[in-house]
1. List every residue pair whose Cβ atoms sit under 6 Å apart, with the two residues 6 or more apart in sequence or on different chains, where the first one lies in segment 65-77 and is surrounded by 12 or more Cβ atoms within 10 Å (Cβ to Cβ) and the second, anywhere, is outside any helix (DSSP H, G or I).
2. Of all residues in segment 45-57 being of a type in the set (Ser, Thr, Tyr) and loosely packed, with under 13 Cβ neighbours inside 10 Å, which is farthest from Glu70 (Cα to Cα)?
3. Kindly establish whether Ile29 is surrounded by 10 or more Cβ atoms within 10 Å (Cβ to Cβ), out of contact with any strand residue (DSSP E or B) (no Cβ under 7 Å at 6 or more places or on another chain) and at pLDDT 80 or above.
4. Given the criteria surrounded by 12 or more Cβ atoms within 10 Å (Cβ to Cβ) and either at pLDDT 75 or above or not polar (S, T, N, Q) (or both), does Thr42 qualify?
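The values are calculated or read from the model by the stated rules, or taken from the named source; none is laboratory data. This one's a predicted model, so the numbers in the text were calculated from it and none came from an experiment. Note: ideal-geometry Cβ built from the backbone for every residue, glycine included; neighbour counts use all protein chains shown.
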Amino acid sequence: MQTTATLAVHIRLRIRFHRQHGTFAPGTIEFLGFTVATWVVTPLFTLIYIVYATRSALRNAYDQAMFAIEGLILIGM
């Protein structure tokens with residue numbers, strides 16, 4: 001059974017191998033990093049907004065609509 005550290009080393013070695021042998025096109029790693037960051041940051045900020053909104057009063061229709069949209073985004077992701 002691999003630990004998290006050995007798994008991370010294994011993944012780095014695989015990426016290095018594929019970079020040297022041309023399996024990944026230029027920019028693929030940057031694209032994958034951006035994609036992962038997007039899928040982590042968007043739900044995180046959405047969750048922060050929802051927690052903030054539930055603790056404060058939703059005063060007008062705009063606040064209520066934004067709360068509903070952010071909730072749907074979080075559920076969708």
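1. Every condition considered, the pairs that remain are Phe67/Leu58.
2. Ser56
3. no
4. Yes: the conditions hold for Thr42.
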